[in-house]
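The values are calculated or read from the model by the stated rules, or taken from the named source; none is laboratory data. Nothing here was measured: the structure is a model prediction, and the numbers come from that model. Note: ideal-geometry Cβ built from the backbone for every residue, glycine included; neighbour counts use all protein chains shown.
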Amino acid sequence: MSEEQFWILLSKKMAGEASADELKDLSALMQQYPEWQYAAQTLQEMWQHKTPEGTDTDGAFERHLQRMQDAAAPPVGQAGTHEPTAITIPGRRHTAWWRYAAVAAAIAALVWVLWPARSPQGGAGGTMPTNEITTRKGSKSKVLLPDGTTVWLNAGSRLTYADTYGKKDRTVTLSGEAYFDVKHNPSLPFELHTTHLHITVLGTVFNVKAYPDESTTETSLLKGRIEVEVKDRPGDKIILTPNQKLLVENNEAGTTANATTKNDAAPEPLIVLSRLKTSPLVGVIAETAWLDNQLVFNNEPFEELALKMERWYNVSISIEDSSLLGKRLTGNFENENIDEALTALSIAQGFTYQRQGNNIRIYQKQN
């Protein structure tokens, strides 16, 4: 099936007009092409906002279309790089024509900003075509890979893999945080690369946090068994068993307690192996609480919590007073918006803040 057929099937599903066979075909396509899932998920979430009775449908549609076009317009001075997919919507019932039209219009507009990036080269002598799935700050996404592996991507994360995935290999690259439920396949190991780690598994459930702006990379194993190789320590391989967590320092300043390196050798990164614990505050494992929409922090420096809050709430936080950076904080946020979260922290830690849109500046409160 073509991309055009995929979007037609999706539009029919969203309009409530898809048959059982069409829904089956759509599900198969979404598993075959996971890079389409994020755009499809976003469109379906938008479509759930139904038009109230008595509303001027034609006028509402025109306003909706204009908002979609405005949202999808490339920034000033930056030309778009995608050609919108041409959609032909079959007319089945006169009363539903505007539903198909609205879906098609949203697809045509949003394809500019939602379509995953692919390498333009391929074939002999070229770069292997690459699929990329991303989540923006303030959002999360669930993806089903071609082999049946399920991935939940946390905010501000990127997952890439080649077109050979599930055929010749099962290799992915992660920047950010993701929770993996890997489909068992002993003949084709699942391999995950981050900047600092190489993880090999057969079939298991684990979480990896590898944001480039954080000082550590973490791997937490919930089920099964994984092999972790630290890239800055060639030859060292660590086997994790369930409920174990591996923390690796990203920068080159850390050294292991028993490191014996030559004077001209780069220091080895600090490695800490520990057990996963349930947070006494919320009764869940802190490392995977984000799956339940909970931001849990336990004795964390304010500087690190600010990074998490930036991704969680899609804001920019500047801590103006350096004395606040190292303050240790413990707590959790679930349903709080950014203002409620900041107010709670300011009361507990004695600071004040100013907010202009998505930009937040934090100061030490003056006595």
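Given (1) within 21 Å of residue 134 (Cα to Cα); (2) not in a loop (DSSP other than H, G, I, E, B), identify the lone condition not met by residue 195. For residue 195, the exception is condition (2). Please specify each residue of segment 293-340 satisfying the condition of being over 19 Å from the mean Cα position of the chain (by Cα), closer than 16 Å to residue 353 by Cα and not in a loop (DSSP other than H, G, I, E, B). The answer is 302, 303, 317, 318, 319, 322, 323, 324, 338, 339, 340.
With the structure loaded, tell me whether residue 179 is over 17 Å from residue 276 (Cα atoms) and either over 17 Å from the mean Cα position of the chain (by Cα) or at pLDDT 95 or above (or both) or whether it fails that test.
Details: over 17 Å from residue 276 (Cα atoms): no; either over 17 Å from the mean Cα position of the chain (by Cα) or at pLDDT 95 or above (or both): yes.
Answer is no for this residue.
For segment 145-157, taking the residues that are buried (at least 17 other Cβ atoms within 10 Å of the Cβ) and assigned to a strand (DSSP E or B), the one that is farthest from the chain's Cα centre (by Cα) is identified as 151.
Here residue 245 clears all of (1) within 23 Å of residue 309 (Cβ to Cβ); (2) at pLDDT below 90 except the condition numbered (2). Has segment 294-313 got at least one residue that is within 25 Å of residue 199 (Cα to Cα), small (Gly, Ala, Ser) and either at pLDDT 90 or above or not assigned by TED's automatic domain parsing to the domain that holds residue 348 (or both)? Looking through segment 294-313, none of the residues is within 25 Å of residue 199 (Cα to Cα), small (Gly, Ala, Ser) and either at pLDDT 90 or above or not assigned by TED's automatic domain parsing to the domain that holds residue 348 (or both). Looking at segment 195-226 only, could you name the residues that are farther than 19 Å from residue 287 by Cβ and either more than 23 Å from the chain's Cα centre (by Cα) or among the aliphatic types (A, V, I, L, M) (or both)? Matches in segment 195-226: 202 only. Comparison of 201, 172 shows that the only residue that is buried (at least 20 other Cβ atoms within 10 Å of the Cβ), assigned by TED's automatic domain parsing to the domain that holds residue 269 and at pLDDT below 95 is 201.
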